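Each remark here refers to the structure printed beneath this line.
The values are calculated or read from the model by the stated rules, or taken from the named source; none is laboratory data. These numbers were taken from a predicted model, which means no experiment stands behind them. We place every Cβ from the backbone using ideal geometry, glycine too, and count neighbours over all the protein chains shown.
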Amino acid sequence: EAGVAQSPRYKIIEKRQSVAFWCNPISGHATLYWYQQILGQGPKLLIQFQNNGVVDDSQLPKDRFSAERLKGVDSTLKIQPAKLEDSAVYLCASSLWGGNTEAFFGQGTRLTVV
Amino acid sequence: QKEVEQNSGPLSVPEGAIASLNCTYSDRGSQSFFWYRQYSGKSPELIMFIYSNGDKEDGRFTAQLNKASQYVSLLIRDSQPSDSATYLCAVLYGQNFVFGPGTRLSVLP
């Protein structure tokens, strides 16, 4: 079974530029999560999708972050414009249906904003 | 505010000893609890999950849950240097996984 795929693995941008991350969850997983993990901290949920609907985006900085999950499969997370404090690893995870089922993580995208 | 707390560590134990990792959570209604291991520069991977009060054992790992005290722990028996990693406690609040800050474990040869 293929795992959660993310790209790119690494990205370096200047502040005020824009960037996009892509995630392809495990086939058949209805729930998709985007987490931000700052060095030395645990993952912080940015947004959760159930199929192509948003379940929770309460911690997503909506003035600069946006995410979509078209057709309930792949998802993209965009930052525009980026700030220095956005430097982090962006993790995508998926689970079967978001209930008592584990979340599987992709390898993450390490973003550095300079 | 749904919170998950862990001691950040580092927790250092000698090889072969028992490592004990603790986690507390704020929402008494939480039903599902997960322990993830994260090696430096890697993504989290699931070690164990527990839903019921008491102990759950899987190989060298034992998860313990006490819902009355809102406390989850992970015991690692016969610790190995390869167990050196950050251990993340995650609590399922409704449909949301909320992670603690993680405890960094160092197993000394």
Worksheet entry | Failed item in (1) over 16 Å from A:GLY106 (Cα atoms); (2) of a type in the set (Val, Ile, Thr); (3) modelled with pLDDT of 95 or more, with A:ILE47 passing the rest | (1)
Worksheet, complete the sentence: The strands (runs of 3 or more DSSP E) lying wholly within region B:1-86 that contain at least 3 residues that are buried (at least 16 other Cβ atoms within 10 Å of the Cβ) are B:19-25, B:32-38, B:45-50, B:61-66, B:71-76
Worksheet item: Across region A:25-56, what is the number of residues that are over 20 Å from B:PRO101 (Cβ atoms), surrounded by 22 or more Cβ atoms within 10 Å (Cβ to Cβ) and away from chain B (no Cβ under 11 Å)?
Response: 2
Item to complete: Could you run through region A:1-24 and say how many residues are basic (Lys, Arg) and surrounded by 20 or more Cβ atoms within 10 Å (Cβ to Cβ)?
Response: 0
Fill in: Pick from region B:62-107, criterion over 24 Å from A:LEU91 (Cβ atoms) and charged (D, E, K, R), ranking: farthest from the other protein chains (Cβ to nearest Cβ)
B:ASP78
Fill in: Condition met for B:SER73 (at negative phi and over 11 Å from the mean Cα position of the chain (by Cα))
no
Worksheet, complete the sentence: Residues of region B:15-32 being closer than 23 Å to B:ARG60 by Cβ and modelled with pLDDT under 95, in sequence order, are B:SER32
